[in-house]
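Read-outs: derived from the displayed coordinates by stated rules, not from any lab. Remember, it's a predicted structure, so these values are computed and weren't measured experimentally. Every residue, glycine as well, gets a Cβ built from its backbone with ideal geometry; the counts of neighbours run over all protein chains shown.
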Amino acid sequence: MRIRKPAVAGSFYPKDPAKLREVVNRLLGNPTSKVPLGVISPHAGYAYSGKVAGRIYGLFKGFKGLSFLLIGPSHFVDFVGISFGDYEFFETPLGLVRVDRDRIEEFLKKFNFTHALDNLPHLMEHSIEVQLPFLQVAVEEFSIIPVLYGRAEPDILLKVLEFFCEDETRFIVSSDLSHYYPDEIARRIDTYCHEGITKLDQQIFKECQACGKVGILSAMMWSKRRNLKPELVAYATSAEAYGDKDAVVGYGGYAFFS
């Protein structure tokens, strides 16, 4: 089996399975009467952004048999385009997560991407990995389509969304918001993200300083075509976790409903 091993277990989240499950259960929010068609979730260490991510993944709590398209930015490897990797499973301390290889192969028969099966961008990347324990606790019997992007235009990721999200597949865009501003300024800058996303307004969103901006923009484009209604579910900055208000990172959780 080709397994993508965890890279940030023990640093971004607990390595011990029992402790990890306990932490995730504590962070998970409550489900609602409707399940979102897609979400935006942060990707920092759980001590920083876990409360926001937990509110997002609580929306999926109790659902079974879903498929998730996970879209994350590559932080460590510079490449052009997208990469699914060449894995059958992603591993976390909570076990193996199945990659939907059949659907990835169907996509690659239709579209030609040079680095699409390159594992290198995935090896040390956290943006997708940190989402998985939340899914493992909240959802039963799910599969994933993991997509990292390097230097890519939103139109490329829009093709990915259009192909994979035509059925019961939900999208998850991984992104933090503004980085290393004083808390008051960060919150003001992040309002552009909130307003741009919830109104699906690309002009306002231009002022958003999210690290996963390309992924978010593609989700906004896809959602606008389908008349989805995005909502801001949760927001925080790293100051709330550690009290340092001089250089913070913003974390936003958004859900897209029909």
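The table that follows gives values for the structure above.
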| read-out | value |
| --- | --- |
| Cross-link pairs beyond the 29 Å C-alpha cut-off, checked among K5/K199; K224/K245; K15/K109; K5/K224; K206/K229 | K5/K199; K224/K245; K15/K109; K5/K224 |
| MRE, 222 nm, helices only [DSSP H, n ≥ 4, -39500 (n - 2.57), over the chain, to nearest 500] | -10000 deg cm²/dmol |
| Check: the chain dipole with +1 on Lys, Arg Cβ and -1 on Asp, Glu Cβ, in debye | 460 |
| Farthest positive-ward along the stretch 141-211 dipole, Cα basis, beta-carbon charges - from I185, L157, S143 | I185 |
| Estimated inter-spin distance, R225 and F257, nm [label 7 Å along Cα→Cβ] | 2.4 |
| Whole-number percent relative contact order across the chain, with pairs defined as alpha carbons under 8 Å at least 6 apart | 27 |
| The stretch 1-119: relative contact order as a whole-number percent, Cα under 8 Å and 6+ apart | 32 |
| Residue-span extension gain [V80 to K19] - 0.36 nm each, minus C-alpha spacing | 18.2 nm |
| For the stretch 15-21, 3J(HN,Hα) per residue [Karplus equation, 6.51 cos²θ - 1.76 cosθ + 1.60, θ = phi - 60°, Hz, x = Gly/Pro] | 7, 6, x, 5, 5, 4, 4 |
| Extension gain (nm, one decimal) between A7 and E195, 0.36 nm per residue minus Cα-Cα | 64.3 nm |
| Relative contact order %, the stretch 79-175, counting alpha carbon pairs below 8 Å whose residues are six or more apart | 41 |
| Table column - 3J(HN,Hα) (Hz), the stretch 220-235, Karplus curve with 6.51, -1.76, 1.60, x for Gly and Pro | 5, 4, 5, 5, 5, 5, 10, 6, 6, 10, x, 10, 7, 8, 7, 8 |
| Three principal axis lengths of the stretch 168-253 [C-alpha, angstrom, descending] | 40, 27, 18 |
| Vicinal HN-Hα couplings computed from phi for the stretch 204-216 (Karplus, 6.51 cos²θ - 1.76 cosθ + 1.60; Hz; Gly/Pro x) | 5, 5, 4, 8, 6, 10, 6, 6, x, 4, 5, x, 5 |
| Under 19 Å from K51, Cα to Cα: aspartates and glutamates that are on another chain or at least 8 residues apart | E22, E129, D176, D183, D190, E231, E240, D244 |
